[in-house]
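The values are calculated or read from the model by the stated rules, or taken from the named source; none is laboratory data. Every value quoted in this text rests on a predicted model; they were computed, and no experiment measured them. No Cβ is skipped: glycine too gets one built from the backbone with ideal geometry, and neighbour counts run over all protein chains shown.
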């Protein structure tokens, strides 16, 4: 995985991004792995709790996969793709709630979905180069400096 970094914020080239929702997508055949971007985990702060939606549900783009709580924020983790919620990363977060802060593009993934409208919804997703340009301006405008939580 190669990535570009600006203001400490990593943007891997091998993902697609919903820039409005601050969610990354990694497509794998008929499934999509989802997670928070580095910018999203930084803006939320150190995670303290996650309430997961039940797997097997069919969700529309923008619906909540999990409710994320940090010391300074509570809000949804939305799916950027409509489809069936296949699995969530409950066990990794139960073992280490800050895994999404430390490794948002790896072990800190949030959910796996089976997209049902990928052809139509693909237009909402940016590639790594476009995401890097967006996050460069976004972090500069908001004076955001990404960090990863320490042990």
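Every residue in the stretch 15-41 that is touching a residue at least 60 places away in the same chain (Cβ under 8 Å), in contact with a helix residue (DSSP H, G or I) (Cβ under 7 Å, 6 or more places away or on another chain) and not in a strand (DSSP E or B), please.
15, 19, 39, 41
Out of the residues in the stretch 44-70 that are more than 15 Å from residue 25 (Cβ to Cβ) and in contact with a helix residue (DSSP H, G or I) (Cβ under 7 Å, 6 or more places away or on another chain), state the one that is surrounded by the fewest Cβ atoms within 10 Å (Cβ to Cβ).
46
Looking at residue 44 and the list (1) modelled with pLDDT of 95 or more; (2) touching a strand residue (DSSP E or B) at 6+ places or on another chain (Cβ under 6 Å), which single condition is not satisfied?
With respect to (1) modelled with pLDDT of 95 or more; (2) touching a strand residue (DSSP E or B) at 6+ places or on another chain (Cβ under 6 Å), residue 44 is out only on (1).
Restricting to the stretch 42-67, count the residues that are in a loop (DSSP other than H, G, I, E, B) and within 13 Å of the chain's Cα centre (by Cα).
Here is the first cut: in the stretch 42-67, the ones in a loop (DSSP other than H, G, I, E, B) are 45-46, 53-57, 60-63.
If we keep only those that are within 13 Å of the chain's Cα centre (by Cα) too, we end up with 62.
The qualifying residues number 1.
Just for strands (runs of 3 or more DSSP E) wholly inside the stretch 71-137: which have at least 2 residues that are free of Cβ contacts under 8 Å to residues at least 60 places away in the same chain and surrounded by fewer than 20 Cβ atoms within 10 Å (Cβ to Cβ)?
74-78, 83-88
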